[in-house]
Each structure stands twice: as C-alpha cells, then as structure tokens.
1. Gaussian network model of the chain, Cα springs within a sub-10 Å range: biggest mean-square fluctuation belongs to which of Leu109, Leu145, Leu161?
2. Of the options Leu134, Ile185, Asn121, report the single residue whose Cα projects farthest towards the positive end of the charge dipole of segment 119-218 (beta-carbon charges: Lys, Arg +1; Asp, Glu -1).
3. Please report, in debye to the nearest 20, how large the charge dipole of segment 349-402 is about its Cα centre when each Lys and Arg carries +1 at its beta carbon and each Asp and Glu carries -1 there.
4. Given H placed on each backbone N at 1.01 Å, which residues far from Phe118 in sequence or on other chains put an amide H within less than 5 Å of it?
5. Among the trypsin sites (Lys or Arg not before Pro) in segment 248-300, which ones are in a DSSP loop with at most 12 other Cβ atoms within 10 Å of the Cβ? Mind listing them?
6. Which loop GluC sites (Glu not before Pro) in segment 91-190, with loop taken from DSSP, have no more than 12 other Cβ atoms within 10 angstrom of their Cβ?
7. Take a quick pass over segment 349-402 and tell me how many lysine pairs come in under 18 angstrom between Cα atoms, counting only ones 8 or more apart or on separate chains.
8. Taking only Cα atoms of the chain, what ratio of Rg to Rh do you get with Rh as the Kirkwood inverse-distance radius?
Amino acid sequence: MKIKQLPAIFEPARPVLQKIEAAGYEAYFVGGCVRDTILHDDIHDIDIATSAYPSEIKAIFNHTVDTGIEHGTVMILDHGTGYETTTFRTESGYQDYRRPDKVTFVRSLSEDLKRRDFTINALALREDGEVIDLFNGLTDLQKHLIRAVGDPNERFHEDALRMMRAVRFASKLNFVIDGPTLTGIKENVPLLAKIAVERIRVEFEKLMLGQKPVAGLQDFISTGLYQYCPGLADAKDVLSALLLLNHWELENEAQLWAVICIQLQLDQGEINNFLKKWKTANDLISQVKKIVPAVTAIRQRSLMPVTIFKTGAAALHDANQVAKLYGWAILDKDLQAAYQQLPIKNSKELAVDGKMLITKAGIKPGPLMGKIIQQLTTAVINGKITNDPVTLLNEAQKIMKEG
Ligand code: ATP
Ligand code: MG
C-alpha cells in the first residue's frame, strides 16, 4: 500500500529520513503514527526506526542528543524540532515477564517489527508513503482487530504489560481483541502482578480516557486483569456497573480516578490510601479528594457556597463532568454562575490578613488566629458579613471576646 499524501506532521521529518537513506541506511516511521495515519486519527508524535546504529546517526547529523542511547534512541535536532530515532533492535530474555534482559541492535526491519506488540502497531512507513506490512496489520486495521504479533501466549510471557495495552487499545480505538489474543490474556492475567504499578496505571488511564472506555473496561473485567490492579481485586461488580453508563466524556486523570473512587464508595482517607497504592501524584490525590464530595453535593442538589469555595473552579468543573457520566450534572452555566457569585474566590481575597488582625485587632498569633480567619472567611462566603476591613476587624474582635 502506498499513501499518496502523508499528513502534514510528517513533512518536516521527511528530509531527516531522506538524509539517513542517502547515507546508505534504512529509515521508517513506525508504531502509533503509522496506525493513526491509516485510521485518519490525530497523530500526536512520530517515531522513527532505522538500521543505522546510534553512532552512525550521530555521524550523519551535526546536532543530536543522547536521549536513550543504551536502547538505541538518539534525538536528531533539525530546524528547532527534535526527532527521536531508534535503531532496529531485538529483545531477548524476559526472565521477569517485564523487561528484556538484553537489547540487540540489528540491521533488519522485520526483526524490529517482530518484537512489537500488536499487528496494528507493527507497520512501518517509508518517507515516500509506502507502507510495510509484514503481519497483516492493514487487514486488522480494517477489521478493527487487536491481534498479537506471533503467539499471544509467548508475547504476554515476554512482557505482561502488553495485556493491559491490548485492553487500552480496544478502548482507544474502539477495536475488538482477536479471539486467540483474548484467550492469551485470560490465561496469563496473573503475570500482571509482575509489572510496576506505574506502568499499569498509564495504560489504565489511557483505557479510561479512550474513545470507547466501555469496550476496554469490558475486556479489563472479563479477562480478570482487574484482579491484579491495586485495590480492585474485589471490584468486579462496581466496575461492571460502569458498563451501563453511556455519557463518557471524561477529560482528565483526576476525573477518571474520581469515578473509580465513587464506584468504590471511598471516604477521604480511603481515597488517599487507594491512590497511593496506584502511585499517583499528590496533586492528583488532592484534586480527587475535592471532586468526590463535590459530585455528591451536585447529585444531592446541595451545593453550598462553602463547598463551591473549598472545591475551587477546576475541581468543580471536573466534578460536574463526572456527574454527567451518571446523569447527575447541573448545567455548566449554572455552576459557573454559582462560582462567580462567591464574594471571594480564595482566602487571599479576604480583606484582612493575619498581620492586620495582630496590629489592628490585637489578636495574638496562634491557633485562635487560624480559627478566626476561617470563621471570617465562612461568614463572608455565606454573605453574612461584607468583605471590608472595618467589618472584618469588628467581627474578629467579637469572635475573640466570645472566646
Ligand atoms: P499512542 O498513540 O497511544 O502513544 P503508540 O502505538 O504510539 O500509541 P506507544 O506506547 O507510544 O504506543 O509505543 C510506541 C510503539 O512501540 C507501539 O506502537 C509498539 O509498536 C511499540 N511498543 C510499545 N510498547 C510495547 C510493548 N510493551 N511491547 C511491544 N511493543 C511495544
Ligand atoms: Mg506513542
């Protein structure tokens, strides 16, 4: 197959491939960018594979960066853009079901394509548009099939993460996993326990944020992969309940983790423990802890100014997006209006600060000070008092007298 007009993203990279070829080596676009070109999907980055060894690439180009030279990856800098180029390689060993013991550079494209996970990811594209398809990836693309390259059982033994990748591509592309590949997953799920949770998380997040999360989720559940994910071993029923939901419009990781926490009915402390097990970033944990109670408030139509204030604009948006999935959402414009009506949007906007309370209201630094600021903030948010220094200082003194 020959593609007549490559998408614009390839244009500036073509001279790079031409230059490698002119030096006597082979060079191709490979992996996701080829698949997405044929599917007419958005292409977010392009990967280049070459028969040239890293040292040979560095001899051809003046400006390169060793981004992962031990794996064969060198970045070529050309007109301000970086192109990651990886030498054809084979992998062997895999004693631990996750990482090859040995990576060997080779000169043959077919050896490189053979080590790739699925036929749809094992296509190569010449800079002139010619597609090299050694494993019937084009047919599988047409049939919307995810099929392991070679024997699924062997491939999942080599790298158990591929099982998660299969279900995430099912979701990302709205494809079906081919029978023997699906069987291969079912028979090898326990191997997922060998994989670092961070790597599983990346694939799980892509699954949940894909085109058709229910497709990937269905396979994630039916294969039993969920049993080897942190905190999900007993979650079959609550995960299955998600399959009945239709309005999947999740936009980011925080929203999807909020959905999982809601399904599991986790309280604040449990959210913390659960997400720590998944090794998510602390920022994400605090965001999810704001989103989950806000979703409850939206659902119960009890969204009070204090909750809106504490949740903040970003988490409020996330909460309503999650609520949409469940059919609980309120109109985005009503939510925005409620937020805009807050007299202050954050504690810095309070017309007094600690320093003023000390100098002008005679309050001593200490725990009481914090409580006073909190009470003032709440009173302002609830519209009980206006946000001006005189009112606030009077109120502060009143609170202090009352103890
Ligand atoms: P995306 O568009 O989601 O990034 P992708 O296909 O580019 O999809 P990557 O994870 O970026 O996926 O991997 C790039 C390519 O490397 C894949 O297309 C595949 O050929 C190969 N690959 C990645 N991970 C594996 C793996 N665990 N086993 C075998 N091949 C892999
Ligand atoms: Mg990619």
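1. Leu109
2. Sorting the options by dipole projection puts first Ile185.
3. 220
4. Placed amide hydrogens put Val149 under 5 Å from Phe118.
5. Those that pass, being in a loop and sparsely packed, are Lys279.
6. Working: sites: Glu91, Glu111, Glu127, Glu130, Glu154, Glu158, Glu187; in loops: Glu127.
Hits after loop and neighbour filter: nothing returned.
7. 12
8. We get a ratio of 1.11 for the chain.
None of the figures in this text is laboratory data; all of them are computed from the coordinates on show. Bear in mind the structure is a predicted one, so any value in this text is a computation, not a measurement. Counting neighbours? That spans all protein chains shown, and the Cβs are built from the backbone with ideal geometry, glycine included.
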